Amino acid sequence: MRRLGALVLVLMMLIGGVPSGAAGGAATAPPPTGRIVYQGADRTLHLAQADGGGDAVIPTRGQIFAPRWSPAGDRIVYSDELPTAPFVGQLMVLDPASGVKHVLVAAEARDPSLDIYWSYLQPRWTPDGSAVVYIRSAGSRLTTIMRVPAGGGTPEELFDGTSTTRFDLSPRDGRFALSDDAFAEEAVQGSRLVLISPDGYLERTLLPRTGPYYFQPTWTPDSSGIVVRRQAARDSATATLVLIDVATGAQREVGPVAAGSSFSFSPDGAWLALAAGDTKRLSLIALDTFTEGPTLGQGAAPSWEPARPARTFPETGFSVGGRFLAYWTANGGLPLYGYPLTGEIRERLEDGNEYTVQYFERARFEYHPEHADPQYQVLLGQFGRRIHPADPAVAPLVGATYFPPTGHNLGGRFGEYWRAHGGLPQFGYPITEEIVETLGDGRRYTVQYFERARFEYHPEHADPQYQVLLGQFGRQILAESGR
């Protein structure tokens, strides 16, 4: 309950219940880091440095609503709607590193004869970043909660809601904290707040429908609590912030705030981004001393960039983080790729385009945001072709897999390794047969070249997991580049 108690004090300060600086002393919270994406007052897409050092507007097709960082911090999803009739809407995914955008859910007419289109609202990522959940609205009192794979695909319907449904997904397990309003003909008006499973099944009612209206349910960073903005009526000018303990259902009334305020927590829990009511003044609040930090601008719906996990390797002094760390860990780690030899750098590659890359002893990781499907956004450099041009095609061999695109066979221990460690997306096609070659240590080994790697058979190693290794192309290519 310590985190929830601190949150209550912070929110009391924001609404005037605790004077600025009441905690006394100098700020001990680390300076705010990362970036905050938000919906500008003019409904443009803003990306601001959390320390107040800069704010950029990212061009979009139309007006944007409710931008949201992905859990890995590598993508931003937002709703994009044309500002004039027929108000065509779509969901977009942006890679902030490159500026590349992809349509996640394309514009679709719900009534082609009238040129009327669906609206796609309030996108939220699932905790693993594999899908986006959003509201599909026809402008009527009924809406549908939808889910679509983050790499694109066919959206699926989860469950129905009202036109005033609002929700947030737990960063821990993907459960919904959902509030929706009663229909006009119902005897009891107001909202209810419920917990719903990731697949759309009602789990538990936290706040029953008794008259008040609940807006902007927001999970605390550790998913132990949910904050709602409670209003006596839908169009009230003032509201009360209420913190609900998810485990016990206990409520804490915080105090009055302006209707329309929105907020987002920093990943480390040290800061809060607050867009204050109708003024839309966006500023940061330090949680330890409850004093205001940088002011970022004017807008709504702030979303704080998640912390990107990183691992530092003392052996080389370099760190691996974000998408590259996830790929390194999921696809073989140290035995497959070796240690990092650089940090993330920008480099012009063989196709003439610049990419974010990182060199390892046995590979170069490349980030390709132009690919909509996340499984093809991190690729290995085509070192095999660079070190050893493809040999002439040969005939198929009995007992091996033949690859017509390059005219070579793959079998035996190299075939087993190729299939077990990622296959075609990871290594590409074979560009030679198995051959014997003298390597850098002066010894002769059985090797086979692929588009992105060289497999080496090392029988001198007793442990089978180290008998097939990748050639240390990372060191060679890095040395050739003069880095």
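The values are calculated or read from the model by the stated rules, or taken from the named source; none is laboratory data. This is a predicted model, so every value here is computed, not measured. Heads up, the Cβs are rebuilt from the backbone with ideal geometry, glycines too, and the neighbour counts pull from every protein chain shown.
May I ask you to list the residues in region 128-173 that are among the small types (G, A, S), part of a strand (DSSP E or B) and out of contact with any Asp or Glu (no Cβ under 7 Å at 6 or more places or on another chain)?
Selection gives A131, S137.
Please pick out the residue among G332, G317, G321 that is at pLDDT 90 or above and within 24 Å of Y355 (Cβ to Cβ).
When all the criteria are applied, what remains is G317.
Within the bounds of region 291-299, is there any residue that is over 24 Å from R454 (Cβ atoms), crowded, with 19+ Cβ neighbours inside 10 Å and in contact with a Phe, Trp or Tyr (Cβ under 6 Å, 6 or more places away or on another chain)?
Yes, there is a match, as at least one residue in region 291-299 is over 24 Å from R454 (Cβ atoms), crowded, with 19+ Cβ neighbours inside 10 Å and in contact with a Phe, Trp or Tyr (Cβ under 6 Å, 6 or more places away or on another chain).
Take region 176-189 and flag every residue that is in contact with a Ser or Thr (Cβ under 6 Å, 6 or more places away or on another chain) and either on the phi > 0 side of the Ramachandran plot or without any contact (Cβ under 8 Å) to a residue 40 or more places away in the chain (or both).
D180
Kindly indicate which of P123, P155 is of a type outside the set (K, R), over 17 Å from the mean Cα position of the chain (by Cα) and buried (at least 20 other Cβ atoms within 10 Å of the Cβ).
Answer to the check: P155.
Which one of V148, V93 is under 30 Å from A182 (Cβ atoms), under 15 Å from the mean Cα position of the chain (by Cα) and either surrounded by 17 or more Cβ atoms within 10 Å (Cβ to Cβ) or not assigned by TED's automatic domain parsing to the domain that holds H46 (or both)?
V148
If I285 satisfies every condition in (1) touching a Phe, Trp or Tyr at 6+ places or on another chain (Cβ under 7 Å); (2) of a type outside the set (D, E, K, R); (3) closer than 26 Å to E157 by Cβ but one, which is the exception?
(3)
Please enumerate the residues belonging to region 343-372 that are closer than 16 Å to G99 by Cα and either over 28 Å from the mean Cα position of the chain (by Cα) or touching a residue at least 60 places away in the same chain (Cβ under 8 Å) (or both).
Those that are closer than 16 Å to G99 by Cα and either over 28 Å from the mean Cα position of the chain (by Cα) or touching a residue at least 60 places away in the same chain (Cβ under 8 Å) (or both): T356, Y367, P369, E370, A372.
The rows are residues; the columns are (1) loosely packed, with under 14 Cβ neighbours inside 10 Å; (2) modelled with pLDDT of 95 or more.
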| residue | (1), (2) |
| --- | --- |
| Y402 | no, yes |
| N409 | no, yes |
| G412 | no, no |
| W418 | no, no |
| G428 | no, no |
| G440 | yes, no |
| F450 | no, no |
| A462 | yes, no |
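Only one of A247, A239 is farther than 20 Å from Y134 by Cα and not in a strand (DSSP E or B). Can you tell me which?
A247
For A237, indicate whether it is touching a residue at least 12 places away in the same chain (Cβ under 8 Å) and either of a type in the set (A, V, I, L, M, F, W, C) or not assigned by TED's automatic domain parsing to the domain that holds I145 (or both).
yes
Collect the residues in region 300-333 that are of a type outside the set (K, R), in a strand (DSSP E or B) and touching a residue at least 12 places away in the same chain (Cβ under 8 Å), keeping them in residue-number order.
Those that are of a type outside the set (K, R), in a strand (DSSP E or B) and touching a residue at least 12 places away in the same chain (Cβ under 8 Å): A300, A301, P302, S303, W304, A310, F313, F318, S319, V320, G321.
For region 389-437, what are the residues that are in a strand (DSSP E or B) and either more than 36 Å from the chain's Cα centre (by Cα) or on the phi > 0 side of the Ramachandran plot (or both)?
Within region 389-437, T401, Y402, H408, N409, L410, I435, V436, E437 qualify.
Surrounded by 13 or more Cβ atoms within 10 Å (Cβ to Cβ) and in contact with a strand residue (DSSP E or B) (Cβ under 8 Å, 6 or more places away or on another chain): does that describe T143?
For T143, the condition - surrounded by 13 or more Cβ atoms within 10 Å (Cβ to Cβ) and in contact with a strand residue (DSSP E or B) (Cβ under 8 Å, 6 or more places away or on another chain) - is met.
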